[in-house]
Amino acid sequence: MDITTLPVTRRTLGGMDYFLLWSGVAVSLAEIWAGGFLAPMGLWAGLGAIILGHIIGNTLMAGCGILGSDHGVMAMTSLRPSFGIRGSILPAILNIIQLVGWAAIMLIISGHAGAMLARFAPVPSSERFWIILIGLGTLIWALLTEKPLWKTLQNTAVIGLLLVVCLMTVVSFKEIGVAAAVNRPVTMNFMTGLDLVIAMPISFMPLVADYARFARSTKTSFWNTWWGYFLVSSWMYVLGLVATLITGETDPGMLILRTMGSLGLAVPALLLVVFSTITSDFANLYSSTCSALNISDRIKPKTVIWASGILSILVALVFPMAQYESFLLFIGAMFVPVLGIVMTDYFLLNKRHMATEDLNRPHGPYWYFKGVNRAAILAWIAGFGVFQGLAAMNSPLGSSLPSILAAGIVYYLCMARSRA
């Protein structure tokens, strides 16, 4: 593993591989949990936000993967043409922080779920046991990435998970019902809910190219990433939304798992908890390594994976779960503007051209001012300010889309002026 352009001979992943990869990432208790946040919107507005938010978020997320599939480069390395060789280091550091944070959140949720299901099956009831067990499983899965065995394990596990999710959906709608969800008061602004939905796929933006670079075809990678995540993530959100609307539960994922356990389905529920976490959480560990390599190519990849995996387990034991919603919005505030900058640079200014031979060359075209493109930093600050300001005002426009536009416009104007 290194930051150089991946040779064509190693770009071996096809459409089904990407569909199952991103379906597996989307099968997550965190996605059900996030769907529950939309309950104050009511059913129909909530469904609208889920669909529209995923269309916007998925397009931006999969669009960032095009840089990887076009040129065989990692996600943080793909920021070098816009941020500069040294300028891309700060996003890489922040990405490592957020990836370890996401990994820890997933372990917290799965640890709580495993302990809860112990009421219905002869398994350990300690949350710490499940956090450590699933955390170690995720670590092993991440260490296998890029090896032939990983592809077989990942695809097989995701197919099994999708079957369990079908069972979970049938059980949920049969036992909990649906009709009671229709007539609930609306207390959340539509754009606020839309921001919560967009934040989820955008949180994968800083890592999608790490996997898209293995694609045989950009078109195949883009559309199967898009549909795999769109279908299953929307599915998870709807489950969380409906369950919360009907029962008022603040933790819809636990409610659904508890229902399965009470019906004698504790074993499939446990399998869902364990493998849904592993097949989505491994990406956080692997991509934290890719981000670290963008900081220094002297870093040993396996060392970073081990460090990220152990740290995520330790953080999971103390992370304040009550701050989950704020964490989602914080991630959106940090990485939404980056989207605007990267998309503007790659698609508008450079027409999908990237001088890959200069990505690691000091004093080349991506060196800018001492390795930093000040236009990108200025645009990033502007976009972040717009996001935070609109969020503080609870603007009816929301925060995500204005932030993307602000960062993109500022970057375009600055670069156009410097080129002139």
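In segment 341-391, of all residues being among the small types (Gly, Ala, Ser) and in contact with a helix residue (DSSP H, G or I) (Cβ under 7 Å, 6 or more places away or on another chain), the one that is modelled with the lowest pLDDT corresponds to 391. Across segment 213-228, the qualifying residues are those that are of a type in the set (Lys, Arg) and touching a residue at least 40 places away in the same chain (Cβ under 8 Å), and the one among them that is nearest to residue 55 (Cα to Cα) is 213. Reported count of residues in segment 41-96, each being hydrophobic (A, V, I, L, M, F, W, C), in contact with a Lys or Arg (Cβ under 8 Å, 6 or more places away or on another chain) and surrounded by fewer than 24 Cβ atoms within 10 Å (Cβ to Cβ), is 2. From the list 115, 157, 142, the one residue that fits, being assigned to a helix (DSSP H, G or I) and free of Cβ contacts under 8 Å to residues at least 40 places away in the same chain, is 115. Picking from residues in segment 123-156 that are surrounded by 20 or more Cβ atoms within 10 Å (Cβ to Cβ) and of a type in the set (A, V, I, L, M, F, W, C), the one that is farthest from residue 270 (Cα to Cα) is 142. At least 1 residues being under 20 Å from residue 44 (Cα atoms), over 22 Å from the mean Cα position of the chain (by Cα) and not charged (D, E, K, R) is the threshold, and among the helices (runs of 4 or more DSSP H) wholly inside segment 215-301 those reaching it are 218-247.
Entry remark, segment 183-214: residues being hydrophobic (A, V, I, L, M, F, W, C) and over 15 Å from the mean Cα position of the chain (by Cα) number 6 in total. Only one of the listed residues (3, 32, 66, 50) is outside any helix (DSSP H, G or I) and among the hydrophobic types (A, V, I, L, M, F, W, C). That residue is 3.
With respect to the numbered conditions (1) touching a residue at least 24 places away in the same chain (Cβ under 8 Å); (2) over 24 Å from residue 98 (Cα atoms), which one is the sole condition not fulfilled by residue 206? Unmet condition: (2). Taking residues in segment 357-385 that are more than 30 Å from residue 399 (Cα to Cα) and among the basic types (Lys, Arg), and partners anywhere that are part of a strand (DSSP E or B) and modelled with pLDDT under 95, not one pair has Cβ atoms closer than 6 Å while being at least 6 places apart or on different chains.
Restricting to segment 14-29, count the residues that are part of a helix (DSSP H, G or I) and either of a type in the set (Val, Ile, Thr) or free of Cβ contacts under 8 Å to residues at least 60 places away in the same chain (or both). Spell out the reasoning first.
Here is the first cut: in segment 14-29, the residues part of a helix (DSSP H, G or I) are 15-26, 29.
Subsequent filtering for residues that are either of a type in the set (Val, Ile, Thr) or free of Cβ contacts under 8 Å to residues at least 60 places away in the same chain (or both) retains 25.
Within segment 14-29, residues that are part of a helix (DSSP H, G or I) and either of a type in the set (Val, Ile, Thr) or free of Cβ contacts under 8 Å to residues at least 60 places away in the same chain (or both) number 1.
The values are calculated or read from the model by the stated rules, or taken from the named source; none is laboratory data. Keep in mind the model is a prediction, meaning the values are calculated, not measured. Cβ atoms come from the backbone with ideal geometry, glycine included; neighbour counts cover every protein chain shown.
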